[in-house]
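The values are calculated or read from the model by the stated rules, or taken from the named source; none is laboratory data. It should be emphasised that the depicted structure is a prediction, and the values quoted were computed from it without experimental measurement. Cβ coordinates were reconstructed from backbone atoms using ideal geometry, including for glycine residues, and neighbour counts include every protein chain displayed. Note: accessible area is taken over every heavy atom of the protein model, side chains too, but ligands, DNA and RNA are not part of it. Shrake-Rupley method; radii C 1.70, N 1.55, O 1.52, S 1.80 Å.
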Amino acid sequence: NLYSPEQATGTRKLPAPDKATWEAIANYYNQQRIAQLQPGASEVNPELLEKWLTSCAKAARNYLYPSMVSLNAPKSGQETDEFIDSLPETATESLLTEMIAQEEVQNRAEQLSGINAVLSGAIAKLDPEAQNIIKLYYGQNLTQHQIAQQLEIKQYTVSRRLTKAKESLLLALAQWSQDTLHISPNSNVLKDISIVMEEWLKDNLSNSNFSSTSELPS
């Protein structure tokens, strides 16, 4: 062997060959190169051979141990911009995301259909006077006083019948939510259900869609 370095204790670096060793390596390389590969080729000096070997060693090291750069590392010459800022954004959503969105739309439509059926059925089960009060209050936006005058009954009767009717509708909707959506009723859930019920009554019994003598929405 022309060069057999010994690693010094406490260091990972090997000592570089001296000038005489480089000359011996170059001479041996030239002999083998001229004799086996390229007869008549010009000789290589120790400096060029060292340059070649150093380049090969760097290439091998970069291949075996590639450098890792954090996506949060700043770009060269820029203190604020990071590499992650240069990553292209996905223009289209994944197929899974699209399927989930479609399923949510379908579930929402089914829930609205269920709410419509439950409340329409619950109103139909009310006695005629309670139905009429519900229709006048939400369908024609009359006050309790105006309803009492129109139906020729006491205002407190209107208030009591209206409250009882709404409680009946709320109970039906809460029972449906528990049986169909598997939502256990509590104070917060009942509050949300009450809001949904009020919105449904206003939307479906509005003056533009419903009068005191018309059929209930189906």
Practice problem: State which residue is modelled with the lowest pLDDT when the search covers only the range 2-32 and only residues that are open to solvent by 70 Å² or more (accessible area, probe 1.4 Å), more than 19 Å from Ala57 (Cα to Cα) and polar (S, T, N, Q). | Solution: Thr9
Quiz item: In the range 113-152, what count of residues is obtained for those that are without any contact (Cβ under 8 Å) to a residue 24 or more places away in the chain and of a type in the set (Val, Ile, Thr)?
Solution: 2
Quiz item: Regarding Ala35, is this residue assigned to a helix (DSSP H, G or I) and modelled with pLDDT of 80 or more?
Solution: no
Quiz item: Only one of (1) assigned to a helix (DSSP H, G or I); (2) modelled with pLDDT under 75 is not met by Met99, so which one is it?
Solution: (2)
Exercise. State whether one or more residues within the range 147-165 are more than 46 Å from the chain's Cα centre (by Cα), among the acidic types (Asp, Glu) and surrounded by 12 or more Cβ atoms within 10 Å (Cβ to Cβ).
Key: no
Quiz item: With respect to the numbered conditions (1) farther than 19 Å from Arg108 by Cα; (2) open to solvent by 40 Å² or more (accessible area, probe 1.4 Å); (3) of a type in the set (Gly, Ala, Ser); (4) modelled with pLDDT under 90, which one is the sole condition not fulfilled by Ser212?
Solution: (2)
